[in-house]
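J.: This is the structure, below, for whatever I ask next.
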2 protein chains.
Amino acid sequence: MTDLPTLHDVIAARKIVYRYLRPTPLHHYPTLSELVGAEVYIKHENHQPVGAFKVRGGLVLAASLTPEQRAGGLFTASTGNHGQSIAYAARAHGIRATIAVPEGANPGKVAAMRALGAEVIFHGDDFDTAREWIMEIAAQRGGMFVGPTDEVLIHGVGTYALEILEDLPDVDVIIVPVGAGSGVCATSIVAKSINPDIKVIGVQSAQAPAMQRSWKSGKLVSAEMHTFAEGIATRVPFENTQRIMGRYLDDFVLVDDSEIKKAIVTLLEHTHNLAEGAGAAPLAAALHLKKRLAGRKVALVMSGGNLSVEKLKNFLQEEQQI
Amino acid sequence: MTDLPTLHDVIAARKIVYRYLRPTPLHHYPTLSELVGAEVYIKHENHQPVGAFKVRGGLVLAASLTPEQRAGGLFTASTGNHGQSIAYAARAHGIRATIAVPEGANPGKVAAMRALGAEVIFHGDDFDTAREWIMEIAAQRGGMFVGPTDEVLIHGVGTYALEILEDLPDVDVIIVPVGAGSGVCATSIVAKSINPDIKVIGVQSAQAPAMQRSWKSGKLVSAEMHTFAEGIATRVPFENTQRIMGRYLDDFVLVDDSEIKKAIVTLLEHTHNLAEGAGAAPLAAALHLKKRLAGRKVALVMSGGNLSVEKLKNFLQEEQQI
């Protein structure tokens, strides 16, 4: 068992991240605050160049490579945002990127990866199948496989959590969507290291609860996975992020896909930002937890905004019918 | 005739602006670039706390007040974004704000102004009627009326143009939506002072062409006004911004409301950002000017994102039918 990532790792990663990116805003929304009954802030990771927080991790990982690793190129599997992050970071560092995506992956995310110069290969029905396959390809070609929870990624991702604490030092609660877990782990490490009283709460869809069930039970358990929100669609839990979550996380709630869809529309209305499912899940969770959050300062991590127009159109129509 | 604002005024305004705001991103979008046939960048003023660029100006204006002016409070008229900017700046400085809006003003913008603590009063059918009325109220109550093109506002607004040039020093063309003209004037002053070769192009809706016709003819001419895009809906042109535009602006194009609606959907699809009509008009203009822009580095100012969900829903449905 290796040591867990620390606040120091995150602070060291900042220099690299800020070579390429600026801090994202943490905005206070009065009308959203009325709705939740708390002082609500949104951390706008959807404002990142590839529309999601993961780019922070990719840049730190790419900067950490040896010349040999650079020459071999990066290989990964992704449902979209992690792949875009690796593609973006690889291009910034002049490295080749090869990304396996499951059949039926979000077409906008695939187009974006290709436009960033990555080779994108469709393989298998879900993330885990694509991942196993591309790991073999990487080994055959002498390249480096990057998993979505590699520790160096967590170091980079933690920089958004530091920004939250700098902009709102007296934040009471941070709610983070959980896919593979890099965001929630990075946030927990940073928040708890600076002030153990800050509560960090994870959220996942009830239609893909593997990470939540694993955390609750303390065992690695797979689960059904049929959420529309690919950013939090995890079938097989990740061991290293579960370990960190076991130590640091305060709570982990499930919300229904229907609540996430509604939160996407609410966020569009009150913040004029487009959130993807993962990015809207924290608001759905906050509405669940109204009693506990009453009057507190709550930061919701809008982890990404890469929702297809087609899906948005459907959600807007569904909301109308309710 | 007073002197025109200068680059020096804008540089002096930065210190004030950055007390409250961070620079907004200028993102490059590969898929959007393919569509336009140029290297397309978006300046994301829709990422500002009140969802529009104007907040930069409001903050500088509020900081410039004497104690007497602060005590008397700020009065203005607005279709939305200017009012939100004044409300935000007034709250940041502990000043009372009273804002007249025309009947039928964007409800989201009105709610946001009220949530920021401003008193909002509906009066008259359009901006100009509301403006004349609130000017009288301000005089009666001993308060200060702030017009949407006051020079101090232009100083603050210019900070976004400086950011464009810092992030992309070799930008060839900047396309800016024109309402009252503070954005396009500030951009022209900054761009031309730094590099006269940079082309600055204004855009307005063909359904509200008063500013464009005035610029073309060199005379102040009013015009019809029935665009859906309230941010660029000007019926009576503004003298002081026309004077600046007459000196600095390279071109000023009109696009149809239908093209702006289409651009909103295209931007949502390719950037996952919600633009209001004004914020999408520069993309509509770029698609008009494809031949002239071919291969150039083009910055499109997404001036704001405050579009109602209701309007977006309609535009998405209209696009589907085409």
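The values are calculated or read from the model by the stated rules, or taken from the named source; none is laboratory data. Since the model is a prediction, treat every value here as computed from it, not as a measurement. Note that we place each Cβ from the backbone using ideal geometry, even for glycine, and neighbour counts take in every protein chain shown.
J.: Could you check region B:206-236 and list, in sequence order, the residues that are polar (S, T, N, Q), surrounded by 15 or more Cβ atoms within 10 Å (Cβ to Cβ) and at pLDDT 95 or above?
T.: If we filter region B:206-236 for residues that are polar (S, T, N, Q), which is where we start, we get B:207, B:212, B:214, B:217, B:222, B:227, B:234.
Cutting the leftovers down to surrounded by 15 or more Cβ atoms within 10 Å (Cβ to Cβ) gives us B:207, B:212, B:214, B:227, B:234.
If the condition is that a residue be polar (S, T, N, Q), surrounded by 15 or more Cβ atoms within 10 Å (Cβ to Cβ) and at pLDDT 95 or above, then B:GLN207, B:GLN212, B:SER214, B:THR227 are the ones that fit.
J.: Any idea which of (1) assigned to a helix (DSSP H, G or I); (2) touching a Ser or Thr at 6+ places or on another chain (Cβ under 7 Å); (3) of a type in the set (A, V, I, L, M) is the one B:ALA186 doesn't satisfy?
T.: (2)
J.: Run B:SER193 past the list (1) assigned to a helix (DSSP H, G or I); (2) touching a Phe, Trp or Tyr at 6+ places or on another chain (Cβ under 7 Å) and report the number of the one that doesn't hold.
T.: (2)
J.: Before we move on, is B:ASN314 over 16 Å from B:HIS27 (Cα atoms), surrounded by fewer than 21 Cβ atoms within 10 Å (Cβ to Cβ) and touching a residue at least 40 places away in the same chain (Cβ under 8 Å)?
T.: No: the conditions fail for B:ASN314.
J.: Of everything in region A:251-274, what is part of a loop (DSSP other than H, G, I, E, B) and either more than 19 Å from the chain's Cα centre (by Cα) or within 14 Å of chain B (Cβ to nearest Cβ) (or both)? Give them in sequence order.
T.: A:HIS272, A:LEU274
J.: Can you pull out the helices (runs of 4 or more DSSP H) entirely within region B:70-153 that have at least 1 residues that are within 14 Å of chain A (Cβ to nearest Cβ) and crowded, with 16+ Cβ neighbours inside 10 Å? Spell out how you get there, then give the answer.
T.: Numbers: elements: B:81-93, B:107-115, B:127-141.
Answer list for region B:70-153: B:81-93, B:107-115.
J.: Those residues that are free of Cβ contacts under 8 Å to residues at least 24 places away in the same chain and either in contact with a Gly (Cβ under 6 Å, 6 or more places away or on another chain) or hydroxyl-bearing (Ser, Thr, Tyr) (or both), I need them from region B:197-222; list them, please.
T.: B:SER217, B:SER222
J.: Run B:VAL60 past the list (1) more than 14 Å from chain A (Cβ to nearest Cβ); (2) among the β-branched types (Val, Ile, Thr); (3) not in a helix (DSSP H, G or I) and report the number of the one that doesn't hold.
T.: Against the list (1) more than 14 Å from chain A (Cβ to nearest Cβ); (2) among the β-branched types (Val, Ile, Thr); (3) not in a helix (DSSP H, G or I), B:VAL60 comes up short only on (3).
J.: What's the number of the condition A:GLU239 fails, among (1) within 24 Å of A:ARG56 (Cβ to Cβ); (2) crowded, with 18+ Cβ neighbours inside 10 Å; (3) within 18 Å of the chain's Cα centre (by Cα)?
T.: Answer for A:GLU239: the failing condition is (2).
J.: Among the residues of region A:154-205, write down those that are of a type in the set (D, E, K, R) and either closer than 18 Å to A:ALA285 by Cα or surrounded by 24 or more Cβ atoms within 10 Å (Cβ to Cβ) (or both). Let's see the steps before the verdict.
T.: Looking only at region A:154-205, we keep the residues that are of a type in the set (D, E, K, R), and these are A:163, A:166-167, A:170, A:172, A:192, A:197, A:199.
If the condition is that a residue be of a type in the set (D, E, K, R) and either closer than 18 Å to A:ALA285 by Cα or surrounded by 24 or more Cβ atoms within 10 Å (Cβ to Cβ) (or both), then A:ASP172, A:LYS199 are the ones that fit.
J.: Something else: Conditions first: (1) in the same structural domain as B:LEU268 (by TED's automatic domain parsing); (2) in contact (Cβ under 8 Å) with a residue 60 or more places away in the chain. B:LEU65 passes all but one, so which condition is the exception?
T.: Looking at each condition in turn, B:LEU65 falls short on (1).
J.: Which numbered condition trips up A:VAL200, out of (1) within 20 Å of A:THR6 (Cβ to Cβ); (2) modelled with pLDDT under 95; (3) not charged (D, E, K, R)?
T.: Unmet for A:VAL200, out of (1) within 20 Å of A:THR6 (Cβ to Cβ); (2) modelled with pLDDT under 95; (3) not charged (D, E, K, R): (2).
J.: Would you call B:LEU4 touching a residue at least 12 places away in the same chain (Cβ under 8 Å) and within 14 Å of another protein chain (Cβ to nearest Cβ)?
T.: no
J.: Restricting to region B:33-69, give me the number of residues that are hydrophobic (A, V, I, L, M, F, W, C), more than 17 Å from B:ILE175 (Cα to Cα) and surrounded by fewer than 24 Cβ atoms within 10 Å (Cβ to Cβ).
T.: So the count comes out to 2.
J.: I need every pair where a residue in region A:30-51 that is away from chain B (no Cβ under 11 Å) and more than 27 Å from A:SER308 (Cβ to Cβ) has its Cβ under 6 Å from the Cβ of a residue that is assigned to a loop (DSSP other than H, G, I, E, B) and among the hydroxyl-bearing types (Ser, Thr, Tyr), sequence separation at least 6 or different chains.
T.: No pair meets every condition.
J.: Sticking with this one: Check whether at least one residue in region B:80-97 is among the polar types (S, T, N, Q) and either more than 27 Å from A:GLU45 (Cα to Cα) or at pLDDT 95 or above (or both), and report yes or no.
T.: Within region B:80-97 (the criterion being among the polar types (S, T, N, Q) and either more than 27 Å from A:GLU45 (Cα to Cα) or at pLDDT 95 or above (or both)), the answer is no, since none of the residues qualifies.
J.: Consider B:MET225 carefully, then state whether it is within 30 Å of B:PHE315 (Cα to Cα) and assigned to a helix (DSSP H, G or I). Steps first, please.
T.: Working: within 30 Å of B:PHE315 (Cα to Cα): yes; assigned to a helix (DSSP H, G or I): no.
In short, no.
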